[in-house]
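The values are calculated or read from the model by the stated rules, or taken from the named source; none is laboratory data. Since this is a predicted model, take the numbers as computed values, not measurements. Positions of Cβ are backbone-derived with ideal geometry, glycine not excepted, and every protein chain shown enters the neighbour counts.
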Amino acid sequence: MMTAASRPRLVRLLLVVLLTSVVGNIPLPAHADDLPARSSELPSPPSADEAVSWEAEGTTATLDHVAEAVRATRLHERGLTGRGIGIALIDTGVAPVVGLTDVVHGPDISLDSQAEQAQHYDVYGHGTHLAGIITSDRLDAPGLAPDATLLSVKVGAYNGAVDVSQVIAGIDWVVQHREEHNIRVLVLAYGTDSTQDPLVDPLSHAVETAWHNGITVVTAAGNDGQVRDSLVNPATNPWVIAVGAVDTQGTRRVSDDTVATFSPAGTPARGPDVLAPGVGMVSARVPGGYLDTTFPGAQRPGDLFRGNGTSQAAAVVGAGVALMLEDDPSLTPDDVKARIVDGSKVLRQDGTGEAPGMLNLTQARTSDVIGAQVHLLSSGTGTLEGARGSYHLLGDSPLTGEQDIFGQPFDSVVWAAEATALTSWDGGTWNNTEWTGWGWDGWGWDTAEWTGTTWDGWGWDGWGWDGWGWDGWGWDGWGWDGWGWDGWGWDGWGWDGTQWD
């Protein structure tokens with residue numbers, strides 16, 4: 001049987017998305033004209049894992065239902081909508097679809113960033129789906145924190161592809177720019193199967209640094225619960241909030257809720273802190289995007305999409321945190337975590353009281369528990385390769401070892417000291433390479449032209465990539481009509497497993 005390590009898989013955000021119900025077609029906003037149109041030629045069939053993520057049937061969880069299930073509606077009735085609270089989403093970007101036209105776009109450090117029409121936009125579909133859960137303002141599919149400021153930092157490419165070095169750079173950027181939009185929450189639905197000790201792992205250290213700088217970090221626990229109990233990295237970091245997924249069965253009752261089969265149980269050393277709805281979640285869709293065209297069965301009326309995953313569950317908790325912080329801005333990340341755990345409702349099926357409970361925002365808001373976590377501080381001096389686990393970008397050779405996507409040597413000792421001191425970014429430069437621009441251009445952060453070389457002689461020639469094709473599983477000749485994926489390629493370049501849960 002082919003193993004996860006040997007089977008080529010798309011790099012995914014902790015996602016497992018399927019989608020369902022709601023209203024009739026709604027026209028896209030003006031910016032939607034800039035989105036690429038998919039060609040009629042489809043790629044070869046997706047992996048089994050990805051198909052389960054986007055095509056399984058079952059519960060339908062509209063966002064109104066989700067808000068009721070976690071008792072967010074009670075906070076809404078008190079006038080709490082997330083106003084004044086910034087939420088950073090490090091993902092595949094956000095498309096300007098209905099309900100998400102006022103997103104703030106931070107840097108685009110994805111592999112798409114060198115195509116002007118793709119800059120900042122989500123062409124994959126995962127980031128937009130999570131953004132809808134968090135802050136959509138459409139009446140038929142309202143986000144849980146519709147008035148929060150959503151800051152999108154794009155790291156995942158049009159097919160979800162991303163290296164851990166890009167995610168770390170994105171986290172560092174958010175921490176250093178946290179005061180510009182009052183970023184109090186970070187939702188990270190990305191993870192690797194790394195077994196490196198969180199005390200030394202660079203990705204773990206990055207989220208911990210965000211935590212200690214006043215940002216409540218909400219991470220997805222992972223979607224491999226049917227094959228392993230352990231959480232993904234960086235959810236293994238003990239400081240942050242690790243979120244597992246619940247199937248609400250489409251009812252308001254907690255008594256019939258069950259832990260999703262894909263949600264990992266955790267180990268004695270580290271398990272999920274809280275559970276939230278993550279099955280059958282109906283949220284924003286990217287018409288013509290990769291997921292939209294690859295999984296048409298997940299489409300729902302009104303340009304919505306149905307999906308499962310601890311990614312979606314993390315988005316629910318992240319939005320809930322924004323409501324709590326609007327209500328009481330003095331809460332520290334430790335306070336928020338303690339109150340969420342204290343207010344959660346243990347599922348009846350467990351009965352032991354040891355498993356994490358279901359998010360209950362009414363109880364979390366009224367809890368008076370004071371957070372005071374005691375854990376060893378991480379050093380971040382482990383290896384970048386260890387943080388990747390078995391997930392790698394594949395070019396002429398895999399991107400491995402202590403180097404970032406530009407082939408620039410990565411010294412974890414130097415980086416960890418700079419990240420802790422909040423100096424790893426200098427303008428648009430990270431790890432001695434210019435990754436992005438230096439300031440806001442009106443609606444988003446400036447991009448930069450990538451020059452020089454990447455790993456193993458893999459070159460950035462201006463911005464072009466000769467011979468776009470995923471040799472070995474069917475991307476050859478596949479194009480985005482009208483904006484230049486044809487002939488814009490990654491010859492022989494692909495992904496060995498990275499995941500968005």
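Scanning the stretch 104-141 for residues that are out of contact with any Asp or Glu (no Cβ under 8 Å at 6 or more places or on another chain), at pLDDT 90 or above and surrounded by fewer than 24 Cβ atoms within 10 Å (Cβ to Cβ) yields 104, 105, 138, 139, 140. One residue alone among 185, 227, 243 is hydrophobic (A, V, I, L, M, F, W, C), over 29 Å from residue 343 (Cβ atoms) and outside any helix (DSSP H, G or I), and that residue is 227.
Residue count for the stretch 288-317, restricted to those that are assigned to a loop (DSSP other than H, G, I, E, B) and of a type in the set (D, E, K, R): 1. Put simply, of 260, 265, 210, 245 the only residue that is closer than 30 Å to residue 418 by Cβ and aliphatic (A, V, I, L, M) is 210. In this entry, residue 269 is excluded by the filter for residues that are in contact with an Asp or Glu (Cβ under 9 Å, 6 or more places away or on another chain) and either on the phi > 0 side of the Ramachandran plot or of a type in the set (A, V, I, L, M, F, W, C) (or both). Which residue is surrounded by the most Cβ atoms within 10 Å (Cβ to Cβ), if the candidates are limited to the stretch 188-203 and must be in contact with a Gly (Cβ under 7 Å, 6 or more places away or on another chain) and part of a strand (DSSP E or B)? It comes out as 191.
Taking the criterion of being surrounded by fewer than 24 Cβ atoms within 10 Å (Cβ to Cβ) and among the small types (Gly, Ala, Ser), would at least one residue in the stretch 204-218 satisfy it? Checked against the condition, which is being surrounded by fewer than 24 Cβ atoms within 10 Å (Cβ to Cβ) and among the small types (Gly, Ala, Ser), the stretch 204-218 yields at least one hit.
For the stretch 142-184, residues that are modelled with pLDDT of 95 or more and farther than 27 Å from residue 292 by Cβ total 16. Within the option set 266, 302, 297, 278, being of a type in the set (Gly, Ala, Ser), touching a helix residue (DSSP H, G or I) at 6+ places or on another chain (Cβ under 6 Å) and surrounded by fewer than 24 Cβ atoms within 10 Å (Cβ to Cβ) holds for one residue only, 297. Just one of the listed residues (242, 221, 206) is within 22 Å of residue 125 (Cα to Cα) and among the aliphatic types (A, V, I, L, M), and it is 221.
Between 246, 254, 316, the distinction of being surrounded by fewer than 24 Cβ atoms within 10 Å (Cβ to Cβ) and of a type in the set (A, V, I, L, M, F, W, C) belongs to 254 only.
Only one residue in 139, 144 is part of a loop (DSSP other than H, G, I, E, B), closer than 28 Å to residue 64 by Cβ and free of Cβ contacts under 8 Å to residues at least 12 places away in the same chain. Which one? Of the residues listed, the single one that is part of a loop (DSSP other than H, G, I, E, B), closer than 28 Å to residue 64 by Cβ and free of Cβ contacts under 8 Å to residues at least 12 places away in the same chain is 139.
Within the stretch 372-399, the set of residues being in contact with a Phe, Trp or Tyr (Cβ under 8 Å, 6 or more places away or on another chain) and within 27 Å of residue 160 (Cβ to Cβ) comprises 380, 384, 391, 392, 393, 394, 395, 396, 397, 399.
All of (1) over 18 Å from residue 176 (Cβ atoms); (2) exposed (fewer than 15 other Cβ atoms within 10 Å of the Cβ) hold for residue 429 with one exception: (1). For beta carbons closer than 8 Å, sequence separation of 6+ or different chains, a first residue in the stretch 393-410 that is closer than 19 Å to residue 380 by Cβ and a second that is modelled with pLDDT of 90 or more and exposed (fewer than 14 other Cβ atoms within 10 Å of the Cβ), the qualifying pairs are 402/409; 403/409; 408/432.
Of all residues in the stretch 155-182, those satisfying the criterion of being of a type in the set (S, T, N, Q) and part of a loop (DSSP other than H, G, I, E, B) are 159, 182. Taking residue 207 as the residue in question, decide whether it is assigned to a strand (DSSP E or B), hydrophobic (A, V, I, L, M, F, W, C) and modelled with pLDDT of 95 or more. In short, no.
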